[in-house]
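One structure below.
The values are calculated or read from the model by the stated rules, or taken from the named source; none is laboratory data. Since the model is a prediction, treat every value here as computed from it, not as a measurement. In this analysis, Cβ positions are derived from the backbone assuming ideal geometry, glycine residues included, and neighbour counts consider all displayed protein chains. Note: accessible area is taken over every heavy atom of the protein model, side chains too, but ligands, DNA and RNA are not part of it. Shrake-Rupley method; radii C 1.70, N 1.55, O 1.52, S 1.80 Å.
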Amino acid sequence: MTQQTLAIIKPDAVGKKCMGEVVRFIEQSDLRITAMKMIRMTKAEAEGFYAVHRGKHFFDSVTTFMSSGPCVVMVLEGAEAIARWREMMGLTDPGKAAPGTIRAKWGSSIEKNVVHGSDAPETALFEVRYFFSEMEIIGGKE
Ligand code: GDP
């Protein structure tokens with residue numbers, strides 16, 4: 001089934017100048033980038049994005065991190081895009097991520113782990129709409 005998912009290249013990756021390599025990694029896959037922009041979230045915007053994690057021990061830390069610098073937000077589209085992108089990212093903790101995954105290659109900690117990906121169709125819909133209007137997504141108005 002063709003799906004859309006929300007991907008973010010996080011501030012650690014932009015900061016250490018590997019966003020081009022992450023984009024290349026996506027281009028070499030079977031996923032298509034159908035929207036892409038660079039943004040800098042405020043702390044409140046990061047809290048809204050990660051609202052499901054409110055109350056967890058890392059909530060303050062991860063939202064501070066996500067608002068610490070620019071990120072690149074993207075919509076990826078393709079067959080089973082949600083699972084496919086999470087497979088390409090690897091596990092949350094880069095130390096446990098499978099070799100060859102993005103987090104294994106470029107991640108530096110469980111928090112500074114390079115990329116984000118939606119984890120289910122409902123969250124993908126919420127997350128895509130959090131950052132993009134229909135007009136900004138290629139093919140979005142078809
Ligand atoms: P994901 O779906 O693999 O991104 O993982 P989660 O949804 O569980 O967590 C969201 C994000 O919060 C992760 O990608 C990390 O950046 C951060 N995070 C998760 N667990 C921890 C933790 O134990 N400590 C800290 N500092 N950050 C964490």
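Which residue is nearest to the ligand (Cβ to nearest atom), if the candidates are limited to region 86-126 and must be of a type in the set (Lys, Arg) and over 14 Å from Cys18 (Cβ atoms)? I'd like the intermediate steps shown before the answer.
So in region 86-126, the residues of a type in the set (Lys, Arg) come out as 86, 96, 103, 105, 112.
Of the ones still in play, those that are also over 14 Å from Cys18 (Cβ atoms) are 86, 96.
Values: Arg86: 7, Lys96: 11 Å.
Per the criteria, the residue is Arg86.
Is region 80-87 home to any residue that is open to solvent by less than 40 Å² (accessible area, probe 1.4 Å) and not in a helix (DSSP H, G or I)?
Scanning region 80-87, I find no residue that is open to solvent by less than 40 Å² (accessible area, probe 1.4 Å) and not in a helix (DSSP H, G or I), so the answer is no.
Before we move on, is Arg129 closer than 19 Å to Phe25 by Cα and charged (D, E, K, R)?
Details: closer than 19 Å to Phe25 by Cα: no; charged (D, E, K, R): yes.
Against the criterion (closer than 19 Å to Phe25 by Cα and charged (D, E, K, R)), Arg129 does not qualify.
Among what's in region 70-85 and is away from the ligand (no atom under 14 Å from the Cβ) and more than 12 Å from the chain's Cα centre (by Cα), pick the residue that is farthest from Thr2 (Cα to Cα).
Once the filter is applied, the top-ranked residue is Pro70.
Would you tally the residues in region 21-50 being assigned to a helix (DSSP H, G or I), open to solvent by less than 70 Å² (accessible area, probe 1.4 Å) and closer than 22 Å to Gln3 by Cβ?
5
Can you tell me which residue within region 89-111, out of those that are in contact with a Pro (Cβ under 8 Å, 6 or more places away or on another chain) and not in a helix (DSSP H, G or I), is surrounded by the fewest Cβ atoms within 10 Å (Cβ to Cβ)?
So the residue we want is Ser109.
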